[in-house]
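None of the figures in this text is laboratory data; all of them are computed from the coordinates on show. Not measured: the values here are computed from a predicted model. Here the Cβ positions follow ideal geometry from the backbone for every residue, glycine too, while neighbour counts run over all protein chains shown.
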Amino acid sequence: MTEKAHRKIKQLLNRGSIIWWQRGVTAFCIIVATLILSINLLPLQVSLKAGDIAPSDVYYDGTATTYISTLQTEAAKNKAADEVGQILKFDKTVLGAVMIDIDKDFAAITQTVDDQTLSDEARLYVLRETLPGTYSDEVLRYILSYNQQDLAKLKESFKTIVAAAYDGGLSSDDIPAAKDQVAAAIGNLNYSDNCIKFLLYYNEGKEWPPSKVYDAVATAGAVEKAMNKVSSVQVTVQSGEKIISKGSIVTPEQVESLEMLGMKKESLQILPYFGLFLIVAICFWLLHLYMRYYQKRDYENRSSWILMTVVVLLVLLLCKLLSLPDISDNTEVAKQIGYLLPVPAAAILLAVLLRRGIAIFCTIILSVFMGIICGGDLAFTIVAIGGSLAGILSTHNLNQRSQFISSSFYIMVTNAILIASWGLLWSQSSEAILSGVIIGAINGFLSTILVMGTLPYLEGASGVTTVVKLLELSNSNQPLLKRLMIEAPGTYNHSILVGNLAESAADEVGADPLLVRVASYYHDIGKLKRPYFFIENQSSPDNPHDNLQVSLSAMILTSHVKDGIELLKENHFPWEIIDIVEQHHGTSVLSFFYKKALENAENASSVRQDDFRYPGRKPQTKEAALVLLADVVQAAVQSLVGDERNKIEAKVREVIKSKVDDGQLQECPLTFKDIGIIANAFLMVLSGFNHQRIEYPEDVAKEVGAVIDEDKYKDNQQPNNDGDQQGNQEPVAETGQADDQSGGAEN
């Protein structure tokens, strides 16, 4: 079996294991979430149903409670709906269709009259079969004697009468009266008796469609409007009040009271739990499908699944525990505890640790669960969704941990507005609304505390790279960056410029700008091992590569990738950055040293190009590809001097094209359109780097110490990234790569 076949089998096995892993995690979430939600799902209840005869008196021993009676409210709404009549709409196209139908009938008459191949009896038969209604032979023979002009005149007269009858519209109930109106108008026509009879027969046999038809939408809207005007019927039950008398037949309203007061007991207890299981299963299965088709990167990442599962289930458990205690003797106020459940904490954690799309989807699922925890009240689901979305959106431009405080504010305000609006909508008491607003504000504060307290632990345990982590790594006081600045200042400056270039194009092609910038800062961190072998860090004209074999120089230059990976792993850097460092040269060729080896070799066939390639993988992501392109573009443009700087655009496109032609971008998701966008973004930034400057008068320049001996400078100039170490500027290699110039000018 070939190596390719082995790789294919291994890939299939890995994919299969991933699928079974995700299904197992989904099943685990379904089971655990169902168990959590099952805690105290059904309160202590009384086993009675409508129609039963009460074996004893039933009293309510709790505190005074007010609830909204669904049955009575529904009855009031149904009464209001019944008072709304049907709404009809006028269909203007009906009259046109009627006129066309009349034209067709008279056209059939004309055709029969003109058909000389038919006998008189045949004509009578055709007309009876064609025209609606019942006609005598005398009337039909009379009509057959008409010519086209007479028939046309008769038709127009009849159409005028019908149009007048349809004026203003006809409903189904209006059709009989309209026919009578048409018949009366026909009788007033100045035609022969046979013509009048024909039109009367035709009118009687013709089915006239109504032009005023039932408007289901408008009627439903009117019904809904009428029903919405009906206020919810509130029922107050005092402590000690008798709900059901002994020997009486239990009514649906009394059963509703038992249910609202938590006293109803169903004979079959398994059904609520089965329904709960189905809801939970559907929610998590939809999450599984969403991850599989829309978040493939996280779907195949076990750490992401574990992190998501831990956050969702822990927050769900916390919400369930917070919902159990009673905070007030007033049932309406006690229900407001549902607004304290910290769903926004899970939303913010998932948005910061994973992706906003995943956070939004999980928020919806958790909000549904909040509705279940709070007895199916939609208010708690809506507030949970609103507050969570506010938290997610407030972390969009997160650049420091203190911004979580502003997230807390947004959650508080959103919760307060939604709770107050819902209370006003459903006529809740002022005490209930005020307590709900206060609890909702506490929710925002509590959620932020949970996020700030758990985020560092979740970051470390999951290995997920967050925005906050990337921001910390971008700080110039980070130990590795500080070392790079001191020990390899040229590489440090180059890395900063690469970061600016790559970041400028990231948003345009759908890449992560922050990840691109931070990875650019560290892409050449491996040069810390041998900084003086890279020309941007050389301050003297002596180039150590002049005394080395070409193959050894190539090995030293390419090894900075491996050295960088090792250094980053030692310092526990995120794997996203390590991957980009590994891929930022792809498998590019050090063409300068390769050509030099060919020139020095006695037998050119003995020199293998693969010996002069970087060992790293080709870029697998947009971010890695951006760093690769920004790296070579910055080095190439840096090598331009004098008049060559007018050729920046040509050089940028040449370098990018060379990477495309070399196949370095074939494994990443960039399109040709993306590559054009990247080139334009690079040029936008480079035009700022290389703009013309004002030429100061000599006396002013002397005052600031800015006069330079240009001839001396030119004689001793050392190129920053490319060129011969003896002061001769070497052109960029034919492949457009700026990472393989003489003297190890590698970037």
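Assorted remarks:
- Checking every one of the trypsin sites (Lys or Arg not before Pro) in the stretch 209-244 against DSSP loop status and a limit of 13 other Cβ atoms within 10 Å picks out Lys229.
- Among 675-683, 621-629, sorting by the average number of other beta carbon atoms lying within 10 angstrom of each residue, highest first, gives 621-629, 675-683.
- Ranked list, fewest to most other Cβ atoms within 10 Å of each Cβ, for His288, His560, His396: His396, His288, His560
- Between Ala163 and Trp20, the modelled label-to-label distance comes to 7.9 nm, taking each label 7 Å out from Cα in the direction of the beta carbon.
- Within the shell of other residues whose beta carbon sits under 11 angstrom from the beta carbon of Arg517, the net charge comes to -3, with Lys and Arg scored +1 and Asp and Glu -1.
- Computed from phi, the 3J(HN,Hα) profile of the stretch 299-308 under the Karplus parametrisation 6.51, -1.76, 1.60 (θ = phi - 60°) reads 4, 8, 9, 5, 4, 5, 5, 4, 4, 4 Hz, with x in place of Gly and Pro.
- Placing a label point 7 Å from the Cα of Asn188 along the Cα-to-Cβ line, the residues of the stretch 164-182 whose backbone N sits under 16 Å from it are 164-167, 178-182.
- Pairwise FRET efficiency - Ala650 versus Lys89, Cβ, R0 = 51 Å, nearest 0.05: 0.15
- Straight-distance crosslink candidates among lysines, where the alpha carbon sits under 20 Å from Lys212 and sequence neighbours closer than 8 are dropped: Lys89, Lys92, Lys159, Lys179
- The stretch 78-128, dipole about Cα centre (Lys/Arg Cβ +1, Asp/Glu Cβ -1), debye to the nearest 20: 260 debye
- For Ile244, the residues 5 or more places off, or on other chains, whose built amide H falls under 5 Å of its own are Val58.
- Rounded to the nearest Hz, the phi-derived 3J(HN,Hα) couplings of the stretch 497-502 under the Karplus curve 6.51 cos²θ - 1.76 cosθ + 1.60 (θ = phi - 60°) are 5, 4, x, 4, 5, 5, where x marks glycine and proline.
- Spatial offset of the stretch 294-312 relative to the stretch 89-166 amounts to 75 Å, using the alpha carbon center of each.
- Modelled spin-label separation between Tyr273 and Ser248, with each label point placed 7 Å from Cα along the Cα-to-Cβ direction: 3.5 nm.
- Only Lys, Arg, Asp and Glu carry charge here, each on its Cβ (+1 for the first two, -1 for the last two); on that basis the stretch 133-264 has a dipole of about 220 debye about its Cα centre.
- Considering only Gln116, Gly205, Asn194, and ranking their Cα positions along the charge dipole of the stretch 88-214 that arises from unit charges at the beta-carbon of Lys, Arg, Asp and Glu, the one farthest toward the positive end is Gly205.
- Protection proxy ranking of 564-576, 428-440 - average other beta-carbon atoms within 10 Å, highest first: 428-440, 564-576
- Applying 1/(1 + (r/R0)^6) with r as the Cβ-Cβ distance of Ala218 and Ser430 and R0 = 41 angstrom yields a FRET efficiency of 0.65.
- A simple spin-label model places the labels of Asp103 and Phe409 7.0 nm from each other, with each point 7 Å out along Cα-to-Cβ.
- Unsatisfied cross-links (Cα-Cα over 24 Å) in the set Lys296/Lys562; Lys529/Lys595; Lys77/Lys242; Lys622/Lys651; Lys622/Lys659: Lys296/Lys562; Lys529/Lys595; Lys77/Lys242
- When each of the peptides 121-129, 630-638, 442-450, 578-586 is scored by the mean number of other C-beta atoms lying within 10 Å of its residues, the order from highest to lowest reads 630-638, 578-586, 442-450, 121-129.
- Each Lys and Arg contributes +1 and each Asp and Glu -1, all at the Cβ; summed about the Cα centre of the stretch 287-464, the dipole is approximately 740 debye.
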